[in-house]
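What follows is one structure encoded as structure tokens, with my remarks underneath.
The values are calculated or read from the model by the stated rules, or taken from the named source; none is laboratory data. Please read all numbers here as calculations on a predicted model, not as lab measurements. Cβ placement follows ideal geometry from the backbone for every residue including glycine, while neighbour counts extend to all protein chains displayed. Side chains included, ligands, DNA and RNA excluded: accessible areas come from the protein's heavy atoms. Shrake-Rupley method; radii C 1.70, N 1.55, O 1.52, S 1.80 Å.
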Amino acid sequence: MPTPLKIRPRTLVRDSGGPRYAVALAVDALGTGLLRPFLLLYGVSVLHLSAPLAGSAMTAGVVAGLVCMPALGSWLDRGARSTPVAASMLVRVAGTVLLLAAPVGNVWLFGSAALFLGVGNQAWPAAHAALVATVSRGRQRDAALAAGRALRNAGMGVGALVATAALAGGTPVLQALAAVTGCSYLAAAGLAWSVRLRADPAGAPSAGPARNEDGEKEDGEPATGMRALLAANVIYVFCLNVPEIALPLILMTQLHASPAWSAGIFVANTVLVVTLQVPLTVLLSRYSRRSVLALAGVVLTVSYLGFLVAASLTGGWAAPAIAAVSVLCTLGEIIYAGSATALVTALAPPHAPGRTLARFELSSGFGLAVSPAVITALAPHGATALWGTLAAATLVASAAPLRRGA
């Protein structure tokens, strides 16, 4: 059993890429929070596009981002580290510029902006994970990845709160938020590029043999088990859209609860991720990554069944019960996020960490892209159809991490 970690802030910053890189992450996340949750609103309110048209353009951007992942993986395997991270930020600068340049009613420029923003948003996680894997090792790397997620959620949360408070200003404020976002991406790209980090394409400084979560050698390509893990990940990532899509949909359209419940659940989710991501990842570091990822699936399954029970309550208890169960769902999300990328990084062969991470992010992006459609298709058929299906699929997916041969 691995030795549990101790949280040392200075070590955590170093293993996350250093102080400048940490500042770059914070600035990038703040800018993302200012615009990303309101991009659809920008298309509808500022450019006067129809919601379906703007939504389709945003979906196309996400798909384009997924198509670019293989090229990113090859770039990372040639040794690039800080440059791809900076590039993912610069691409989004171009997106904000196109957004600001788009005249009213022009869906093509809005679609182009969404495409550049989508490419950057999809490319960043794999590039970031590869950079962290280059400067840190073993369980310290797991903690560093968790710290990056916590920092990103904190920055995005602050940015979203600032943007929400400013939205009363209407169109000029939305345009100003887009401009500030572009500036933040530009500043973050400069800071990330200044780290000047590369890795030996042959595998150094992570030149040793690929190792599993228990520190054992992983010989050969992790093909069979990795394919099962990536397939399971498509199901796992549905949990990331539960607080944003599934719960508001159920609370507002079926239970006719106040929007305050949805907002409160979202805020609680953000706060829990920021405060618990690193401590919980460190606490669970005494167990194998495979076991922890399987545990995440079980916790998520139990939470989905909890939502099923809570939705059936009467007398005004359904909304509070759903809010309470959402805490369990968030814990499952935290356990998943703290183990999934870490496990894939540990299993990646030394000569192909970039392509392995790119495939993992491709599976994540695909899951995030299809989950809104699946959730909204199942929800009208009742709580059993939605939560029962999610619970069954997630429980099956939770067995994949335990398969040896990855």
If the chain between Leu283 and Arg8 were fully extended at 0.36 nm per residue, the gain over the current Cα-Cα distance would be 97.6 nm
Between Thr384 and Leu41, the two model label points (7 Å from Cα along the beta-carbon direction) sit apart by a distance in nm of 3.9
Take Thr59, project a point 7 Å from its Cα along the Cβ direction, then tell me which residues of the stretch 373-393 have their backbone nitrogen under 15 Å from it. 373-378
Extension gain (nm, one decimal) between Ser312 and Arg78, 0.36 nm per residue minus Cα-Cα: 78.9 nm
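Quick one: accessible area per residue over the chain, 1.4 Å probe, rounded to a whole number of Å²?
Dividing the accessible area of the chain by its residue count gives 41 Å².
What percent do you get for the relative contact order of the chain when only Cα pairs under 8 Å and 6+ apart count? Could the numbers behind the result be given before it?
Details: 692 pairs, mean separation 106.2, N = 406.
Relative contact order comes out at 26 percent.
Once every DSSP H run of n ≥ 4 in the chain is given -39500 (n - 2.57) and the sum is divided by its residues, what mean residue ellipticity at 222 nm do you get, rounded to the nearest 500 deg cm²/dmol? Mind showing how you got there, number by number?
Numbers: 15 runs with 283 residues, N = 406.
Result for the chain: -24000 deg cm²/dmol, rounded to the nearest 500.
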Applying the gyration tensor rule to the Cα atoms of the chain (axes a ≥ b ≥ c; rounded if a/c under 1.5, else prolate if a/b exceeds b/c, else oblate), the class is oblate
Would you mind calculating the relative contact order of the stretch 59-143 from Cα pairs under 8 angstrom and at least 6 residues apart, reporting the percent as a whole number? 44
In whole angstrom, the spacing between the Cα centers of the stretch 239-253 and the stretch 8-75 equals 21
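Pairs of alpha-carbon atoms within less than 8 angstrom and 6+ residues apart define the contacts here; what relative contact order does the stretch 255-406 have, in percent? Let's see the in-between values first.
Working: 135 pairs, mean separation 53.0, N = 152.
Answer for the stretch 255-406 is 35 percent.
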Ranked from highest to lowest mean number of other Cβ atoms within 10 Å per residue, what is the order of the peptides 123-129, 10-16, 347-353? 123-129, 347-353, 10-16
What full-extension length gain, to one decimal in nm, is calculated for Val396 and His351 as 0.36 nm per residue of separation minus the Cα-Cα distance? 13.1 nm
What's the center-to-center distance, using Cα atoms, between the stretch 294-328 and the stretch 113-161 in Å? 29
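Ignoring ligands, DNA and RNA, what percent of the accessible area of the chain is carbon or sulfur (1.4 Å)? Please report the intermediate quantities before stating the final value.
Numbers: 11550 of 16510 Å².
Answer for the chain: carbon and sulfur cover 70 percent of the accessible area.
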